[in-house]
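Notes to accompany the following structure.
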Amino acid sequence: MTTTSGKQKSDVPQGTLALMILKTLDVLGPLHGYGIARRIEQISRDVLAVNQGSLYPVLLKLEQEGAIASEWGASENNRRARFYRLTRAGHKLLEAEKRDWEQTAATIARFFEVKAGDLS
């Protein structure tokens, strides 16, 4: 998928969509699925594309795990929509996922910094 600026959009990397959903709900509060997808794309500066086929299974999984809860309401254009919000368990999961992600990112960063002389 290409953006209007000509940039190629990438799919959200496997395993990171749940973290992005949790953080989006943490920052912005309750949102419907379409709103979550658009905010993730917006925060990524339109580098990432979130499609419904990826989004809704993750929302369902997070809800079944108790990390988010949902209820029906009216969207901005007065359409019926399911709004998702972070639960107490979701806040805890977000903190744990954030720590894991930061540790993984730091480990990968070390690989980019290493030089041959460092390994002798």
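Here, each number is a calculation from the coordinates, and none is a lab measurement. As the structure is a prediction and not an experimental result, all values here were calculated from the model. Every residue, glycine as well, gets a Cβ built from its backbone with ideal geometry; the counts of neighbours run over all protein chains shown.
Here are a few things to note about the model shown:
- FRET efficiency, 1/(1 + (r/R0)^6) with R0 35 Å, evaluated for Leu28 and Val114 via beta carbons: 0.40
- For His32, distant residues with modelled amide H under 5 Å away: Tyr84
- Rg over Rh for the chain works out to 1.08, using Cα positions for both radii and the Kirkwood form for Rh.
- Note on Gln103 and Leu60: with the Förster distance fixed at 22 Å, the Cβ-Cβ geometry gives a FRET efficiency of about 0.20.
- The chain: angle of helix 33-43 to the longest principal axis, Cα-based, in degrees nearest 10: 40 degrees
- Lysine pairs meeting the criterion (Cα under 26 Å, 8 or more apart or interchain), as found in the chain: 9
- Nearest 10 degrees, 0 to 90: helix 52-64 Cα axis against the chain principal axis: 80 degrees
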